[in-house]
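Structure record follows, encoded as structure tokens.
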Amino acid sequence: MSYKHIVFIINPKSGVDRQKAIADVIEATLNKQSFSYEIAHTERAGHGTELAKEAAGKGAFAVVAVGGDGSVNDVAKGLVGTETALAIIPKGSGNGMARTMEIPLEIAAALDVINNGRVEKVDVGYVNGDLFLSNAGVGFDALISKRFASSEKRGLAVYSWLVTKNLWTYKEWDWKIKIDGKPLDQKAFMINIANGQQFGYNFKIAPNASYTDGWLDVSIIKPFPKLLGSSLVLRAMNGTIDKSPYVDTYRAKEITISHPELKWLQTDGDAHRCDNEITFSIKEAKLKVIVP
């Protein structure tokens, strides 16, 4: 009997006890009549990409990213354009991609998706050649991603505290934007380019985005009275932020954004240095993903 081989990739920063617990649930829950498996651990930044490429090269059926959106992004980079599928066991803070795809946050339930799920081809986004799956952006979200990365603590409480702390002092920039070649000058609090619906924590920045529609959703949050910040958050949580008078939305295949002082952007919640002009694009149906 031939088995479909699965490689689980875990970040050791999750802690030894947590790794043992995850391994125990995998052993108890994965369907051994259908699958064989191994567990690999990342040792450095970008190692998940290398491990995923190696697994795909050996013909693995799937590679499972055990972690948050950053870990999922890292693994996906090694699988784009291959026949090996990405699967997710969401163990991060926000888990935006898993939530959008309705992959359960509990380990055993996420494994049942692998046992019973189907494989779907999804779109992937790029910004200056760097892959993103859920969303990428500049402005306030990039600032928060940068400061969240340097925080010793994780979770929604820390994220919310950083947003509240920085909201009142943040100064909007005047951006130069091109949306499928059409120029737009816009003062903005932040500009988000979405392939999926949310940042995580069910905060839907692009409630109509889809991983399979071939489009990027552009959300431009314009300057707003800071006292109304909580109302924008509520709109994001209930999926109506696109109805706010302070939010403009577009759909596009290619978006270029520039500002002389631009130095940072975020992709899937991780902050990166960037040039002062960046271009976003989409490639359709380039990644196989196991979904419910």
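Quick note: the coordinates plus some simple rules give every number you see, no bench work behind them. This is a predicted model, so every value here is computed, not measured. Every residue, glycine among them, receives a Cβ derived from its backbone with ideal geometry; neighbour counts consider all protein chains shown.
Using θ = phi - 60° in the Karplus curve 6.51 cos²θ - 1.76 cosθ + 1.60, the 3J(HN,Hα) couplings for region 165-174 round to 5, 8, 4, 6, 9, 6, 10, 5, 10, 8 Hz; x is entered for Gly and Pro.
Sorting the segments 98-110, 53-65 by their residues' average number of neighbouring beta-carbon atoms within 10 angstrom, most packed first, yields 53-65, 98-110.
For Trp264, Trp175, which order do you get if you count the other beta carbons within 10 Å of each Cβ and list the fewest first? Please list the in-between numbers first.
Numbers: Trp264 14, Trp175 19.
Going from sparsest to densest Cβ surroundings: Trp264, Trp175.
Principal-axis analysis of the Cα atoms of the chain puts helix 229-238 at an angle of about 40° to the longest axis. Structure remark: mean-square fluctuation, Gaussian network model of the chain, C-alpha springs under 10 Å; the largest value among Gly139, Gly155, Gly239 belongs to Gly155.
Charge dipole (Cα centre; +1 on Lys/Arg Cβ, -1 on Asp/Glu Cβ; no other charges) of the chain amounts to roughly 440 debye. Potential lengthening of the chain between Lys178 and Ser258 amounts to 27.9 nm, from the contour at 0.36 nm per residue minus the alpha-carbon distance. Eigen-decomposition of the gyration tensor built on the alpha-carbon atoms of region 130-285 gives equivalent ellipsoid semi-axes of 22, 17, 17 angstrom, largest listed first. Computed over the chain, the range of Cα coordinates on each principal axis works out to 61, 38, 33 Å, biggest value leading.
Extension gain Asp248-Asp130, at 0.36 nm per residue separation less the Cα-Cα distance, in nm? Please report the intermediate quantities before stating the final value.
Working: separation 118, 0.36 × 118 = 42.48 nm, distance 2.52 nm.
Length gained between Asp248 and Asp130: 40.0 nm.
Counting every alpha-carbon pair across region 4-123, the share separated by more than 22 Å comes to 24%. The value of relative contact order for the chain, using C-alpha pairs under 8 Å at least six residues apart, is 21 percent.
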